[in-house]
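Following: one structure in structure tokens, then a few remarks.
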Amino acid sequence: MSFDPNAPAQPGSGIFGLPHSEEESLVVLVPVPWEATTSYGGGAAEGPRAILDASMQVDLFDLDVDRPYQHGIHMLPLPSEVMAWNEEGKASAEKVIEHGGAGDDPELLAALGRVNALSKQVNSHVEREVARLLTANKIVGVVGGDHSVPYGALRAMAQHLKRPFGVLHFDAHSDTRDAYEGFAHSHASIMHNVLEGVPEVEKLVQVGIRDVCEAEVRYCESQGARVEVFYDRSLALRKQEGEPFAKVAREIAASLPNLVWISFDIDGLDPRYCPHTGTPVPGGLELAEAIAIIREVVRAGKKIVGFDLNEVAPNLANEDDEWDGNVGARLLYKLVGFTLASQGKAKLG
Ligand SMILES: [Mn+2]
């Protein structure tokens, strides 16, 4: 492979301007352009494309994680079947959302059933792709799409590891609702579905949560030690009391088991990093704080087994505005780098 890591991306190159094919890459990214159950602002289905476009601007040398590109990074092509399911799913879901749920209206119940069936197809697609890549000894990252997309990936990871593992979940939202608006695989239910459907997830650690309903708080409490929540409110109070964030980051890392999947909803960050995400909430983490937490996970000797990045949505009203994709691409590169570093394949800066 002859390419200059210090030069601008060449036309026709892949993600981050890299020339690597799937075969040449240790890291393979699975794009999932799906957002059928998005209840507020749309655009997450455009996330993979926005990240890919903006990724050409990311410098390949990284002060946190050195040279992750050396192992090869490839993003699979955007799956046209998922894009078609998304169009159909959105049209059906819209009717249900407009009416605040299906109630007992036969037409709305049929639309709801169709959305749930399409969600299952997306889950199977993601599970199949991730399982295939894990079998080929790839490191896998899923790029959403809304936050429902990692479900199939976590199922595949559980099958692959055959051991318990933890999930480090960055988000403004708890995502532990039981079938939000009737949708069995809503973005707002992902962690409920993971806790109920992936028993290998022995621990869920949530960070940045600040928009949550009481039932979710009680549900998380009912899980006992299996769920630990670092609410945004508590992180803010601790900072206001003068506690060093490095200490908080180490505490979060220490709360995780040795094998960790990272599920990163971009809205866990302060919304100035993701102004067009579907459900922005004031408050949230600085990018540097999220990175500090992930760095501490690696420094604590834990192994990041895979990750997803979701809810990145571009400004659909102005295609020259690359900001959301820009932040998403940079965070994605760090996730790749820290995952490699946790597996002894990149040097921590
Ligand atoms: Mn969220």
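Bear in mind that the values in this text are calculations on the coordinates, not laboratory data. Bear in mind the structure is a predicted one, so any value in this text is a computation, not a measurement. All Cβ positions, glycine included, derive from the backbone under ideal geometry; neighbour counts span all protein chains shown.
Here are some notes:
- When the trypsin sites (Lys or Arg not before Pro) in the stretch 133-199 are filtered for DSSP coil states and for at most 14 other beta-carbon atoms within 10 Å of their beta-carbon, the remaining sites are LYS162.
- Rg and Dmax [Cα atoms of the stretch 1-76; Å; Rg one decimal, Dmax integer]: 14.2, 46
- Karplus 3J(HN,Hα) series, Hz, for the stretch 47-59 with 6.51 cos²θ - 1.76 cosθ + 1.60 (x for Gly, Pro): x, x, 5, 5, 5, 4, 4, 6, 5, 5, 8, 6, 6
- Sites ARG67 and LEU161, calculated FRET efficiency, Cβ-Cβ separation with R0 25 Å, nearest 0.05: 0.35
- Full extension of the chain between GLU319 and TYR40 yields a length gain of 98.4 nm, computed as 0.36 nm times the residue separation minus the alpha carbon distance.
- Distance between the modelled labels on LYS247 and ALA215, one decimal in nanometres: 3.9 nm (7 Å Cα→Cβ projection).
- Amide H contacts of THR277 (H built 1.01 Å from N, under 5 Å, at least 5 apart or other chain): ALA313
- Per-selection metrics, the stretch 241-331 (Cα): Rg and Dmax in Å: 14.6, 44
- Modelled FRET efficiency - R0 25 Å, LYS347 with ALA136, Cβ distances, 0.05 increments: 0.50
- Above-threshold pairs, the threshold being 31 Å between Cα atoms, out of LYS162/LYS239; LYS90/LYS345; LYS95/LYS203; LYS203/LYS347; LYS138/LYS347; LYS120/LYS345: LYS162/LYS239; LYS90/LYS345; LYS95/LYS203; LYS120/LYS345
- Inter-label distance, nm, simple model (7 Å from Cα along the C-beta direction), ALA84/ARG49: 1.7 nm
- Taking θ as phi - 60° and the Karplus parameters 6.51, -1.76 and 1.60, the scalar couplings of the stretch 309-319 work out to 10, 9, 6, 6, 9, x, 6, 6, 8, 8, 6 Hz in sequence order, x denoting glycine and proline.
- Label-point gap, in nm, between GLU202 and LYS95 - each point 7 angstrom along Cα→Cβ: 4.7 nm
- Within the stretch 231-297, GluC sites (Glu not before Pro) in DSSP loop having at most 12 other beta-carbon neighbours inside 10 Å: GLU241
- Farthest positive-ward along the stretch 24-342 dipole, Cα basis, beta-carbon charges - from PRO314, LEU78, LEU256: LEU256
- 5 angstrom amide H check on ALA172, placed H, neighbours 5+ away: ASP267, GLY268
- The Kirkwood hydrodynamic radius of the stretch 24-342, based on inverse pair distances between different Cα atoms, is 19.4 Å.
- Put simply, the amide H of GLY72, placed in the peptide plane, has neighbours under 5 Å in LEU26, leaving out anything fewer than 5 places away on its chain.
- Normalising by residue count, the stretch 59-116 has a Cα convex hull of 154 Å³ per residue.
- The Cα-based radius of gyration and maximum Cα-Cα distance (Dmax) for the stretch 184-305 are 14.4, 42 Å.
- In Hz, Karplus ³J(HN,Hα) per residue of the stretch 181-189 (6.51, -1.76, 1.60; θ = phi - 60°; x = Gly, Pro): 6, x, 7, 5, 10, 5, 4, 7, 10
- Antiparallel bridges, percent of DSSP beta bridges restricted to the chain (to nearest 5): 5 percent
- Ranked by the mean number of other Cβ atoms within 10 Å of their residues, highest first, the peptides 180-189, 25-34, 139-148 fall in the order 139-148, 25-34, 180-189.
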